[in-house]
Amino acid sequence: MKTAYGRVRRAIAAVATGRAAIVVDDSEDQGYLVFAADAATAQLLTFTVRHTSGYVRIALPGADCERLDLPPVCHRDGESVGIAAQRVTVDFRETGTGISAIDRARTIAALADADTTATDFRRPGHVIPVQAGQHGVLGRSAGAAEAAVDLARLGMRRPAGVLCEIVSQRNPTGMADRPELVSFAGRHGLPLVSVAELATYRRRTEPQVVRSAETTLPTDSGAFTVVGYRDPREGSEHLAVIAGNAGADAPMPLHIHLECLGGDVFGSLACACGAELAHAVAAMRARGTGMIIYLRPPTARACGLLSGATTSDLLSETVAWILRDLGVYTVRLSDDAPELGLLMFGAIREHGLHVESAATVWPVAG
């Protein structure tokens, strides 16, 4: 399989069976050799050092860094994310000098062991721990460290991963670029996946919101069911306002609305947000069926526009997961906000949900 989904599955399978994979961090334009820390062997370490910069790190969740008393090596503000994440170096006490491939493999495996304690390690040492972000590749500023931990976790291993930059063969003083990484992966039979592909995979396979509340909302337009959702990573809260039976077999008319304080609450004439929302509510009342997904992203601007394409992709996934949770598998997107509907179209389809053509099930605002 050469699709992004297939590439992620191959990487997970490799890490799950104790083999290495290549992770490409497009933001840095370089690739990393990664493998599960609890699968560390002298052979894997030797292969890693031979083909990489030799600056081998083990990425650990923050809880393990605290449990093992691994303080950061730098507390200064303004440092890069990578530098700020580095922890004090260690060696496992049951090793010799700590520098050989065998010793480093034992130290790495011990760091990944849930039963080891801070007293099992000498400081300083030859293995460099780094703290991975709490939300893995779905967090902000995610990179290879988060990808290494995620691959190990998805492979049902301890959530700890080894990573090291792959060196260019054409320019030994630099890192391998994308074509070299593809060639390297082919020569050694290693799966290759990007951080972005892994993030997309997680967003498609792991619920991105949790249901937090449900109530009946009495309004001048009638009583609606309101279901609240929370994004556990961003802390954002979203609403699904429903008229009729959300689980019915018939296509559910759907209006997707981005929060706009000026338009929705104060009736600003500077944008059409308030008018679009009012028409959607009126349409639900008239037809007795329909749904408004009211999105409240932290990065939305005053007129309900998004601040970036990445945020748009994340909200598309949010919409798809809300629909799945409500048992709505066929929708008709409203045509009073066509650009937003088209933006969400791809994500909805990717989740196996069906989108019918935007028929005139909603009155057009204006």
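For the reader, a short list of remarks on this structure follows.
- Qualifying residue in region 8-17 (condition: on the phi > 0 side of the Ramachandran plot and in contact (Cβ under 8 Å) with a residue 40 or more places away in the chain): no
- Residue list for region 145-178, filter: farther than 14 Å from residue 28 by Cβ, among the aliphatic types (A, V, I, L, M) and assigned to a loop (DSSP other than H, G, I, E, B): 156, 160
- Residues in region 208-245 that are under 30 Å from residue 4 (Cβ atoms), in contact (Cβ under 8 Å) with a residue 60 or more places away in the chain and touching a Pro at 6+ places or on another chain (Cβ under 9 Å): 208, 209, 231, 234, 235, 236, 238.
- Screening residue 360 on (1) out of contact with any helix residue (DSSP H, G or I) (no Cβ under 9 Å at 6 or more places or on another chain); (2) over 18 Å from residue 273 (Cα atoms); (3) in a helix (DSSP H, G or I); (4) at pLDDT below 70 shows it passes everything except condition (3).
- Single residue of region 137-175 satisfying the filter (without any contact (Cβ under 8 Å) to a residue 40 or more places away in the chain and closer than 21 Å to residue 185 by Cβ) that is surrounded by the most Cβ atoms within 10 Å (Cβ to Cβ): 168
- Looking across 148, 223, one residue alone is aliphatic (A, V, I, L, M) and at pLDDT below 95. It is 223.
- Of the residues contained in region 115-127, one or more are found to be more than 19 Å from the chain's Cα centre (by Cα) and of a type in the set (A, V, I, L, M).
- Looking across region 176-199 at every residue that is of a type in the set (Gly, Ala, Ser) and touching a residue at least 12 places away in the same chain (Cβ under 8 Å), the one that is nearest to residue 314 (Cα to Cα) is identified as 199.
- Some residue of region 182-189 being buried (at least 18 other Cβ atoms within 10 Å of the Cβ), over 17 Å from residue 333 (Cα atoms) and assigned by TED's automatic domain parsing to the domain that holds residue 169: yes
- Residues that are on the phi > 0 side of the Ramachandran plot and touching a Phe, Trp or Tyr at 6+ places or on another chain (Cβ under 9 Å), drawn from region 274-297: 290
Yes/no matrix, rows are residues, columns are (1) closer than 30 Å to residue 203 by Cβ; (2) surrounded by 17 or more Cβ atoms within 10 Å (Cβ to Cβ); (3) touching a Cys at 6+ places or on another chain (Cβ under 6 Å):
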{"residue": "96", "(1), (2), (3)": "no, no, no"}
{"residue": "121", "(1), (2), (3)": "no, yes, no"}
{"residue": "126", "(1), (2), (3)": "no, yes, no"}
{"residue": "135", "(1), (2), (3)": "yes, no, no"}
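The values are calculated or read from the model by the stated rules, or taken from the named source; none is laboratory data. It should be emphasised that the depicted structure is a prediction, and the values quoted were computed from it without experimental measurement. Positions of Cβ are generated from backbone atoms using ideal geometry, with glycine treated the same way; all protein chains shown enter the neighbour counts.
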